1. PRE reach from LYS168 (point 7 Å along Cα→Cβ): which of the range 30-67 fall under 18 Å by backbone N?
2. By how many degrees, between 0 and 90 and to the nearest 10, does the Cα long axis of helix 21-35 differ from the longest principal axis of the chain?
3. What is the distance, in nm, between label points placed 7 Å from the Cα along the Cα-to-Cβ direction at GLN65 and at TYR45?
4. How much net charge surrounds LYS106 when only the other residues with a Cβ under 14 Å from the Cβ of LYS106 are counted, with Lys and Arg +1 and Asp and Glu -1?
5. For the chain, what proportion of DSSP beta bridges, expressed in % and rounded to the nearest 5, is antiparallel?
6. In nm, what is the difference between 0.36 nm times the number of residues separating GLU102 and SER182 and their Cα-Cα distance?
7. Based on the alpha carbon coordinates of the chain, what radius of gyration and maximum Cα-Cα distance (Dmax) apply, in Å?
8. Put a dot 7 Å past each Cα toward the Cβ at ASP259 and ALA278; how far apart are the dots in nm?
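None of the figures in this text is laboratory data; all of them are computed from the coordinates on show. On a predicted model such as this, the values are computed, not experimentally measured, just so you know. All Cβ positions, even for glycine, are placed from backbone atoms using ideal geometry, and neighbour counts span all protein chains on display.
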Amino acid sequence: MGITTSPTKGTSESKDLVMSDADFERLRKIIYDRSGIWFAESKKYILENRLGRRLRELDIEDYDQYATFMTIGPYREDEFQKMFNAITINETSFFRNAPQLEFYEKQILAPLIKARESTKSLRIWSAACSTGEEPYTLAIIARRSLALRVKEWNVDILGTDISERVIKTAESGRYTNYSMRSTEEADVQKYFTTKDAFYDVRPEVREMVKFEKLNLKDSLAAQKHGKFDVIFCRNVMIYFDQKMRKECIQMFHRMLNDDGVLFIGHSEVINDAQLFTARKEPEAFAYERV
């Protein structure tokens, strides 16, 4: 499956860019070694299509040259970020998967608030937070749950992602109508300001969230943040192979407090009964630490 380009090198129409099986093997290993994301053979066309534009931007003639470019010479962190941005799609919104969030608010957060009454402290991690809608949603839910007591509490929410681009968007706190599609009008009015068709997260919500670029493959960097009461890692582990999924689950177990809870995506499952036990409620997708 090629991308049509022109006869002139470096223009948008130069030649068909075809990824050989050998190119695919090299590139998917580079991606896996750096991020833990695994492209199966059936996804070769996705990698070929999404990297085609990047090759043209760099004036590189084929995928073999690009793989060499990524592996020989100086450490190419900047290019890895550009490559990662090209091959991933960050599909998210505020209050995504409302039934799961309702379960979290009523069945997990409410008991945690009672359990932490003496310390008045909550720590929540949104792993692979994309453009920030999820951690800001969790901040809004915390404010809603604590109500007038929120000023007495220290609610520390960390949003992390491997992509610098999405972290910058998250830090800006500015969103379009598309991000708001699952948000109730009352929450829009209370927690956002609107200007020129943009929605800005209000300062009292933004100050509850910190963002950081973090690769989930780097467990040592993650664990420096200490223990959390709740971890959200939704719709991310589906992109990992079995080894990487196991490493992530073990890391989450180490980073949760004894009564902590891990939330995952609707198409994901954890089968390690020695580390986590699943809550039985429909659409919870929640796992308690063993």
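1. Those under the cut-off are 54, 57-58.
2. Tilt relative to the chain: about 30 degrees.
3. 2.6
4. Residues close to LYS106 contribute a combined charge of -1.
5. That works out to approximately 40 percent antiparallel.
6. 27.5 nm
7. 21.0, 70
8. 2.5
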